[in-house]
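Structure record follows, encoded as structure tokens.
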Amino acid sequence: MTTIAVIPGDGIGPEVIGPALDVLDALRLEVRTDVLDHVNAETYLRTGTPLTEADIDRIRSSEVALLGAVGDPRLSDTAYVRGILTTLRLELDLYVNYRPARLWHDRLSPLRDPDRRAIDCVIVRENTEGLYSGIGGGTRTGTPQEIAIDVDLSTRQGVSRVLEFAFSVARRSVCLVDKANAVRNGGQLWQRCWSEAVAGNPHVETSHLYVDTAALRLATDPTAFDVIVTNNSYGDILSDLTAALAGGLGVAASANLNPVTGQGLFEPVHGSAPDIAGTGTANPLGAILSVALLVEHLGRTEEADAVRRAVAATVATDRVTPDLGGSLSTEEVGAAVLMELRRP
Ligand code: NAD
Ligand code: IPM
Ligand code: MN
């Protein structure tokens, strides 16, 4: 039986994981959950350890994991959030961050022009290298001569495997986004790997954009894109942009994947949202759609489609939280999705 490690986390994390687990239950799959509800900022503040070896082992031994969100306003340095998210992505070598953006209803997008609305694209974000490598250091700290260095790491293996994944999920086209006109060494490595990937996939339409132009094109005509493949930092930023175009962070889902080992960590794109935590208004759809990605990863395509249809029906009938212009609570939206899911 498949085990799903569940990390509700902080802030709205546990609030959206509740309805997401209800949806998972309703699918009646042969799975069990292993809930790590001690992995949160409280524990870190008390113990100084974000994630123990035992926690990592529990997550590693589960085939997949589901995470709400981590982050706490009392913790401003990178140690806590990196100590969970980046550690898991690196420890489990989850080298793909798959972030689909699909517009669930016309009225949700800031783009009102009907010709610009058919948003259905995916950011494939390299998830283990770049500026997240953790390599670097500082000197003369606290002095006017202070120097800080964070290494923007690109390896041939890391780049070529994420490009390969991007082509494997392309429906129409793949667009490489980089900054090879300014970032010399990494830029050239990405460009060389890209030329090889393009040559190996002659039937897929391809294009290349610098990241500034990509942001501009996404905002003016997101329908031009299918798969966008890019590095860790640009993928982080552009996936918030595509989320906004498709209705906001509240509906954005993601998968951290290792396509070789099959391991996956599924999570909404949003964080712990301390500004709305405890108000009962967090949108659970990003977490619910992350469950759809999770069950699809387990081979249950029909169940994943059923969840997405239930979400689409809920949005179409305006049973949504305030971020989508509605007045329902997290729980009420969760209940509406369950009702749609159970509809014969
Ligand atoms: P955030 O995603 O938590 O919130 C950004 C804005 O979007 C806020 O105004 C918030 O209210 C809104 N929002 C987010 N999710 C929502 C939802 N489901 N429903 C309705 N509104 C929603 O980003 P932030 O404020 O920059 O970060 C807060 C904390 O979360 C920080 O500690 C950050 O490091 C962490 N963080 C964690 C993750 C993660 O766990 N994957 C991702 C991003 C940020
Ligand atoms: C995300 C988040 C994380 C990231 C942060 C919280 C470290 O923004 O998952 O998009 O940058 O990867
Ligand atoms: Mn982000």
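The values are calculated or read from the model by the stated rules, or taken from the named source; none is laboratory data. Fair warning: this is a prediction, and the values are worked out from it, not measured in the lab. Note: ideal-geometry Cβ built from the backbone for every residue, glycine included; neighbour counts use all protein chains shown. Heavy atoms of the whole protein, side chains included, go into the accessibility calculation; ligands, DNA and RNA do not. Shrake-Rupley method; radii C 1.70, N 1.55, O 1.52, S 1.80 Å.
So which of Leu103, Leu92 is more than 25 Å from Ser272 (Cβ to Cβ), outside the structural domain of Gly235 (by TED's automatic domain parsing) and away from ligand 2 (no atom under 11 Å from the Cβ)? Lay out the reasoning, then the answer.
On the way: Leu92 fails: more than 25 Å from Ser272 (Cβ to Cβ).
Within the list Leu103, Leu92, the selection yields Leu103.
Just the residues that are in contact with a Gly (Cβ under 9 Å, 6 or more places away or on another chain) and basic (Lys, Arg), please, taken from the range 61-101. Within the range 61-101, Arg82, Arg99 qualify. Filtering the range 57-82 to residues that are in contact with a Leu (Cβ under 7 Å, 6 or more places away or on another chain) and either within 16 Å of ligand 3 (Cβ to nearest atom) or among the acidic types (Asp, Glu) (or both) leaves Leu67, Val70.
If you check Ala246 against the conditions, is it closer than 28 Å to Pro8 by Cα, open to solvent by less than 50 Å² (accessible area, probe 1.4 Å) and at pLDDT below 95?
Numbers: closer than 28 Å to Pro8 by Cα: yes; open to solvent by less than 50 Å² (accessible area, probe 1.4 Å): yes; at pLDDT below 95: yes.
It is true that Ala246 is closer than 28 Å to Pro8 by Cα, open to solvent by less than 50 Å² (accessible area, probe 1.4 Å) and at pLDDT below 95.
Please tell me if Asp323 is of a type outside the set (Ser, Thr, Tyr) and farther than 25 Å from Asp10 by Cα. When the stated conditions are applied, Asp323 does not pass them.
Within the range 288-307, the presence of a residue that is within 16 Å of ligand 3 (Cβ to nearest atom) and at positive phi is excluded.
Taking the conditions (1) at pLDDT 95 or above; (2) more than 24 Å from Pro19 (Cα to Cα); (3) buried (at least 16 other Cβ atoms within 10 Å of the Cβ); (4) assigned by TED's automatic domain parsing to the domain that holds Ala166 in turn, Pro222 satisfies each one other than (1).
Quick check on the range 258-266. Is at least one of its residues among the hydroxyl-bearing types (Ser, Thr, Tyr), within 15 Å of ligand 3 (Cβ to nearest atom) and in the same structural domain as Leu85 (by TED's automatic domain parsing)?
If we filter the range 258-266 for residues that are among the hydroxyl-bearing types (Ser, Thr, Tyr), which is where we start, we get 261.
Applying the additional criterion that residues be within 15 Å of ligand 3 (Cβ to nearest atom) yields none.
No.
Checked against the criterion of being among the basic types (Lys, Arg), closer than 23 Å to Ala101 by Cα and either over 20 Å from the mean Cα position of the chain (by Cα) or open to solvent by 60 Å² or more (accessible area, probe 1.4 Å) (or both), the candidates Arg192, Arg217 yield just one match: Arg217. Counting only strands (runs of 3 or more DSSP E) that sit completely within the range 95-167, those holding 2 or more residues that are within 16 Å of ligand 1 (Cβ to nearest atom) and either at pLDDT below 95 or touching a Pro at 6+ places or on another chain (Cβ under 9 Å) (or both) correspond to 96-102. Please find, among Ile228, Ile288, the residue that is crowded, with 23+ Cβ neighbours inside 10 Å, more than 10 Å from ligand 1 (Cβ to nearest atom) and either of a type outside the set (Val, Ile, Thr) or in the same structural domain as Val162 (by TED's automatic domain parsing) (or both). After ruling out the rest, the residue left standing is Ile228.
Please count how many residues of the range 198-214 are open to solvent by 60 Å² or more (accessible area, probe 1.4 Å) and not hydrophobic (A, V, I, L, M, F, W, C). Here the count works out to 6.
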